[in-house]
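Quick note: the coordinates plus some simple rules give every number you see, no bench work behind them. These numbers were taken from a predicted model, which means no experiment stands behind them. Neighbour counts run over all protein chains shown; Cβ positions are idealised from the backbone, glycine included.
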Amino acid sequence: MTPILQFKQNLTKPQKRRFDGLTTPGRIQAFLEELPYCDSDHYRSPLSVLNGAGACCFEGALVAAAAFWYHGMPPLLMELVADGKDDDHILALYRKRGFWGACAKSNLSGLRSREPVYRTIRELALSYFAGYFDEKARYTLRGFTMPLDLRQFRSIPWLTSDSGVDRISDALDTRRRTMIVTPADARRLSPVDERSYKAGILGSKETAAYTFYSKRRSERLVKKKAGIASGLLDTSRLFSASIGDRI
């Protein structure tokens, strides 16, 4: 029995009806958006996620890959590689008419799905650069892996058992990585501007961690009040601060 057939047999009737309806990438992405974002001390299988455990980005990608396979498409994963300080990110890939698209679960608005308009994997990976930043407003995407076809793991029960999911994670971690931002390039990157920063964290469960600009604003307010109190405030600077001054 193939892993996907075993997965189908383990679904409840409501779960099977739901998966029967995930016939397009758009519907799969909408389903991922409904799942609560949550982390745990171990990765969970798509079946565990469907049983109410919620999902992190890796688990969401596994659910999307399972849905693609369920409907006859290859279950492909790609890892976006961060700078070593930020988290890596996992996408479930698909192709339509020769163009690449993706479904993904993320706390950041810009790291979710992509429409199938990208000619190469590199183009698809680069489309995530602007939305890939950390809580200190630093761009952190550095590279990507080539797609991993999960059909090769026929002996690993990653669809139905949590015990098999770590093997998929390990396989992603050992794939060859293509870098798109060199260390020298990274040192020259500007910070994320405030408007893009706020748009990227909109609706994030971890919004409390992304307080870079609000902290800067509070610091400026404290300095402003201190200047007023001491009579030394240069008011002309309040209206001429550049973006660089504000961050």
Pairs over 29 Å Cα to Cα, from Lys16/Lys96; Lys16/Lys85; Lys96/Lys205; Lys96/Lys136; Lys8/Lys198, come to Lys16/Lys85; Lys96/Lys205; Lys96/Lys136; Lys8/Lys198
If Cys38, Cys103 are placed from fewest to most neighbouring beta carbons inside 10 Å, the sequence is Cys38, Cys103
The residues His89, His42, His71, sorted from fewest to most surrounding Cβ atoms within 10 Å, come out as His42, His71, His89
With a ≥ b ≥ c from the Cα gyration tensor eigenvalues, square-rooted, and the rule rounded for a/c under 1.5, otherwise prolate when a/b > b/c and oblate otherwise, region 23-96 is oblate
Once the mean of 1/r over all distinct C-alpha pairs in region 72-197 is inverted, the Kirkwood radius in Å reads 15.5
For region 128-190 the translational diffusion coefficient, Stokes-Einstein from a Kirkwood Rh over Cα pairs at 25 °C and viscosity 0.890 mPa s, in µm²/s, is roughly 174
Looks like region 35-144, by Cα gyration tensor root eigenvalues a ≥ b ≥ c and the a/c under 1.5 rounded cutoff (else prolate when a/b is bigger than b/c, oblate otherwise), is oblate
Ranked on Cβ counts within 10 Å of their own Cβ, fewest leading, Val63, Val117 go Val117, Val63
